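**Student:** Take a look at this one; I'll ask things after.
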Amino acid sequence: MFEKINEVIIGESTFKSMENAARSQKKIETGGMLFGKNDGKRIIVFVAVNPSTNCSRSITHFEIDETFAITTARYMNRLGLDYLGSWHKHLNYGGPSKGDDYQAELFLKNNLHIKNFLSVIMDFYNENEFKLISILYCPNKNQINHKIYSDSDIGMNSEKLGFSDIIIIKGILHNIESKVGKHCSLKQIEVANEYIIEIPFTYPIKNNPSEDNSERQTCNVYISFPDKLFGNNEKIYVGISSIDYTSYFRIFEFEIADIYAKHDEFIYKIKELLETSSLEKYLNYPIWKILGKENKVWQQ
Ligand SMILES: [Zn+2]
């Protein structure tokens, strides 16, 4: 027997992220993956992952790269969120299409442990306005009611970044902690109005680290996030900073859309920065000169 699910609830900030993604792709289909909880009576969508790369788009078609989709789903599972289905944009042809039905049915056939597949279609009947259509395959196709709830009504904090974004950032943090083996913390830097993951580490103050390591100073490897994750070509910036952020040095940037598909590469680079000897190959000067007292503000 299949459960009777009556409605779909989408968190407001999550819905906004879908709408922004849909509007950012003019006259072309786009979409994303939906994650959250299914309690048997209703489905709650907490997170929409709307990739800017790792997908193909046309006027009548949108598809997410399979490897990207699998990696992302695994990642969300580790955060306790289930893969619920997907959303995509239509250009005034209603929905779902035969192709959409086929994809959903094929997914359920290939993933027998998953009982329902949610498909949300944003059908733009003109440049600005759209109609939302929600279909639940369980496994037969049913149109289902949807509601947009404020973040606080479904227990999501209303912080500057949407709950959805915070979950993604926390996921990155946990992954770094488990793979790099260092404690990290999530901070909101008021002045810069941005979220930062910081990983403290100590480095030798002497020019030649092999001489004498007795004098060590603490600094941070920081990872700073854009206001909107999964906007257009949004980037994460990574660098080193003094603990009070009065001096910092940006070392590399990373497309936020690549965070799942190129996750190992990202983690490897972070690991490198936490080793004084490999970090220094990115710098023109020893770290202590960059972050030390003589040079107050350094940046790229
Ligand atoms: Zn479609």
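**Student:** Jot down the radius of gyration and Dmax of the chain, Cα atoms only, both in angstrom.
**Tutor:** 22.2, 71
**Student:** Ok, one more. Taking the Cβ of each residue in Glu265, Glu19 as the centre, tally the other Cβ atoms inside 10 Å and list the residues starting with the fewest.
**Tutor:** Fewest-to-most ranking of Glu265, Glu19: Glu265, Glu19.
**Student:** A further question follows. Using a/c under 1.5 as the rounded threshold, could you call the stretch 1-109 rounded, prolate or oblate? The axes a ≥ b ≥ c are square roots of the C-alpha gyration tensor eigenvalues, and prolate needs a/b larger than b/c, oblate otherwise.
**Tutor:** In terms of gyration-tensor shape, rounded.
**Student:** Then there is this: Using the 2.2 N^0.38 Å rule of thumb for compact globular proteins, work out how the stretch 37-166 stacks up: its C-alpha Rg over that value, please.
**Tutor:** In units of the globular-protein estimate, the stretch 37-166 measures up at 1.07.
**Student:** Per DSSP H run of n ≥ 4, the term is -39500 (n - 2.57); total these for the chain, divide by its residue number, and report the mean residue ellipticity at 222 nm rounded to 500 deg cm²/dmol.
**Tutor:** Per the formula, -8000 deg cm²/dmol.
**Student:** Also: Antiparallel DSSP bridges in the chain: what percent, to the nearest 5?
**Tutor:** Taking every DSSP beta bridge with both residues in the chain, the antiparallel ones total about 80 percent.
**Student:** Follow-up question, since we're still on this one. Which entries of Lys179/Lys235; Lys147/Lys235; Lys141/Lys170; Lys37/Lys141; Lys170/Lys269 have Cα-Cα distances beyond 26 Å here?
**Tutor:** From the list (Lys179/Lys235; Lys147/Lys235; Lys141/Lys170; Lys37/Lys141; Lys170/Lys269), the Cα-Cα distance tops 26 Å for Lys147/Lys235; Lys141/Lys170.
Every number here is computed from the coordinates shown, using simple stated rules; none is lab data. Note that the coordinates shown come from a computational prediction; the quantities given were computed from them, not determined experimentally. Don't worry about glycine lacking a Cβ; one is built from the backbone with ideal geometry, like all the others, and counts go over all protein chains shown.
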